[in-house]
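Some notes on the structure that comes next.
The values are calculated or read from the model by the stated rules, or taken from the named source; none is laboratory data. Since the model is a prediction, treat every value here as computed from it, not as a measurement. FYI the Cβ positions are ideal-geometry reconstructions off the backbone, even for glycines, and counts take in every protein chain you see.
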């Protein structure tokens with residue numbers, strides 16, 4: 001891991017931890033060199049939204065168009081006070097979305113985006129519904145790399161909680 005990537009990961013983690021403490025302001029000057037342009041932020045958030053569009057529509061081709069074939073996916077889930085960890089593969093996710101009988105609706109808001117050249121990280125709260133039924137909520141953290149085809153997700157990690165341990169989308173449940 002390069003010094004810049006390590007510093008960036010440390011700054012994101014520190015910012016997230018500080019922001020979670022009421023009354024403590026996040027250290028903005030540490031991330032200043034990595035703040036994206038408006039265009040970069042729009043491209044990175046649009047890439048994550050395309051992933052979520054693929055989940056909702058069951059579009060395996062769209063899913064694969066925004067993810068690297070070797071994407072790494074990990075999650076942590078806390079239910080009834082017990083925390084577990086898991087992972088997923090691109091093929092496993094593609095199978096899940098293409099075989100789901102109900103749309104898988106994931107929505108994010110208030111993303112924090114940092115960029116260093118062709119590396120971007122987006123950290124954002126989300127909520128998740130299977131059709132009209134609420135499933136869970138938490139935080140998504142996606143690493144992306146940009147190439148000739150634009151931004152692609154190379155790593156995706158997320159937490160899974162139940163309220164009140166996490167927030168629901170400020171606009172309320174999705175409209176069906």
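Side notes on the structure shown:
- Sole residue being in contact with a helix residue (DSSP H, G or I) (Cβ under 8 Å, 6 or more places away or on another chain) and closer than 16 Å to residue 152 by Cβ, chosen from 51, 55: 51
- For residue 169, the criteria (1) within 26 Å of residue 38 (Cα to Cα); (2) in a strand (DSSP E or B) hold in every case but one, which is (2).
- Helices (runs of 4 or more DSSP H) lying entirely in the range 38-145 (those with 2 or more residues that are surrounded by fewer than 20 Cβ atoms within 10 Å (Cβ to Cβ) and under 13 Å from the mean Cα position of the chain (by Cα)): 38-57
- Assessment of the range 146-158 against the conditions (part of a strand (DSSP E or B) and over 18 Å from residue 63 (Cα atoms)) yields no matching residue.
- Scanning the range 123-130 turns up no residue that is more than 21 Å from residue 170 (Cβ to Cβ) and either at pLDDT 95 or above or not assigned by TED's automatic domain parsing to the domain that holds residue 46 (or both).
- Checked against (1) farther than 19 Å from residue 155 by Cα; (2) without any contact (Cβ under 8 Å) to a residue 24 or more places away in the chain, residue 130 passes all but a single condition, namely (2).
- Flag if residue 117 is at pLDDT 95 or above, at positive phi and in contact with a helix residue (DSSP H, G or I) (Cβ under 9 Å, 6 or more places away or on another chain): yes
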